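Heads up, the thing below is written out as structure tokens.
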Amino acid sequence: MTNKQQILAKRPVGMPDADTWTLTTTEVPELKEGEVLIQNHYVSLDPAMRGWMNDARSYIPPVELGEVMRAGTVGIVVKASNHPKYKVGDVLTGWGGVQQYTITNGEGYYPVDTNLAPMPMYIGTLGMPGMTAYFGILEVGKIKEGDVVLVSGAAGAVGSVVGQIAKIKGCKVVGIAGGADKCKYVTEELGFDACIDYKNGDVADGIKEHCPKGLDVYFDNVGGEILDAALGRLRMKARIVICGAISQYNNKENVKGPSNYLSLLVNRATMQGMVVMDYAPKYREAAQQMGMWMMEGKLKSREDIYEGIENFHDTFQRLFTGEKKGKLVLKVIEE
């Protein structure tokens, strides 16, 4: 049995090119006692992966050169060697990496039920992006009914869920997305109150138009100039959730910081970073709640699925070109 893997070959400067990874084929080794072999069906592609390639201090160690590229996965156990919890046929999600097969002792893996939701949803709305949205907006953003909430990256895997949860909780929600098609998706399909098209208009003007009395919460997925524009429209005791800064990840120069940060002082506001792994003990509780919202028709999930492990680089680039809606997923199983 052979395993195709995407191996980190170099540390990119700016946007990763095709030589950043090497596609290799290796033999799948025999299992040791207490291990399982998972055939990965789907790999999660997330903006955070860009940061994991940098040899820099962060909330998680970088991927080392020569290692399989780190990624969330979902797949089926095809072999098991006296494992105490998992058996052949179980569907598991965890950090399997960009490869077709993963051997694990089960640590950090969670069983999922494909009778309740399809596999890709467990690396999307019911996986890390959904958990990020849930805990980011509820526990860090501390939203309450009547809040005015602004969400950047509103058509993406995290932002789309953030806005829907805020609507469920009785907030006014304004999104920021790139292009008329995405803005239409955000308002007409996801139910946001409005959406600002950053590609075809001034974001600061858009915030002023749609949030004339200012913002109570800004959920930031992009950083840069859009974060600065939001800082300029804060209300008293506003909360800013720093989830990501995709506009800055491929910079060849220093990250651009906010010049309007004194607005935090004037408005007694807070700006707090959040990392989803901090909330791991509560994942099951969040998944149950979001699953209930889905059954009630209050929460929609969208997965943008591409095929072929050999197409990993081209698919990964869609995170930064904006050529996707919802959760970006790569199908790596060969039928």
Q: Examine region 79-101 for a residue that is touching a Phe, Trp or Tyr at 6+ places or on another chain (Cβ under 8 Å), among the hydrophobic types (A, V, I, L, M, F, W, C) and in a loop (DSSP other than H, G, I, E, B), and state whether such a residue exists.
A: yes
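Can we say residue 170 is modelled with pLDDT under 95, of a type in the set (Gly, Ala, Ser) and open to solvent by 10 Å² or more (accessible area, probe 1.4 Å)? Steps first, answer last, please.
Working: modelled with pLDDT under 95: no; of a type in the set (Gly, Ala, Ser): yes; open to solvent by 10 Å² or more (accessible area, probe 1.4 Å): yes.
It is false that residue 170 is modelled with pLDDT under 95, of a type in the set (Gly, Ala, Ser) and open to solvent by 10 Å² or more (accessible area, probe 1.4 Å).
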Q) Can you pull out the residues in region 130-146 that are part of a loop (DSSP other than H, G, I, E, B) and either β-branched (Val, Ile, Thr) or surrounded by 21 or more Cβ atoms within 10 Å (Cβ to Cβ) (or both)? A) 141, 143
**Q.** Residue ID - modelled with the highest pLDDT, chosen from residues in region 1-14 that are open to solvent by 70 Å² or more (accessible area, probe 1.4 Å) and more than 14 Å from residue 101 (Cβ to Cβ)
**A.** 10
Q) Do you know which residues across region 230-259 are over 17 Å from residue 140 (Cα atoms), modelled with pLDDT of 75 or more and either acidic (Asp, Glu) or surrounded by fewer than 18 Cβ atoms within 10 Å (Cβ to Cβ) (or both)? A) 232, 256, 257, 259
Q. For region 245-335, list the strands (runs of 3 or more DSSP E) that sit wholly inside it and hold at least 1 residues that are over 16 Å from residue 134 (Cβ atoms) and polar (S, T, N, Q); which are they?
A. 270-273
Q: Please verify whether region 76-90 includes one or more residues that are out of contact with any Cys (no Cβ under 6 Å at 6 or more places or on another chain) and buried (at least 22 other Cβ atoms within 10 Å of the Cβ).
A: no
Q. Any chance region 188-202 includes a residue that's touching a strand residue (DSSP E or B) at 6+ places or on another chain (Cβ under 6 Å), closer than 17 Å to residue 327 by Cβ and either open to solvent by 50 Å² or more (accessible area, probe 1.4 Å) or free of Cβ contacts under 8 Å to residues at least 60 places away in the same chain (or both)?
A. no
Q: May I ask you to verify whether residue 333 is of a type in the set (Val, Ile, Thr), in contact (Cβ under 8 Å) with a residue 12 or more places away in the chain and open to solvent by 70 Å² or more (accessible area, probe 1.4 Å)?
A: no
Q | Tally, over region 42-67, of residues that are modelled with pLDDT of 95 or more, crowded, with 20+ Cβ neighbours inside 10 Å and within 18 Å of residue 310 (Cα to Cα) | A | 4
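The values are calculated or read from the model by the stated rules, or taken from the named source; none is laboratory data. Since the model is a prediction, treat every value here as computed from it, not as a measurement. All Cβ positions, glycine included, derive from the backbone under ideal geometry; neighbour counts span all protein chains shown. When the accessible area is computed, the model is the full protein with side chains, heavy atoms only, and any ligands, DNA or RNA have been set aside. Shrake-Rupley method; radii C 1.70, N 1.55, O 1.52, S 1.80 Å.
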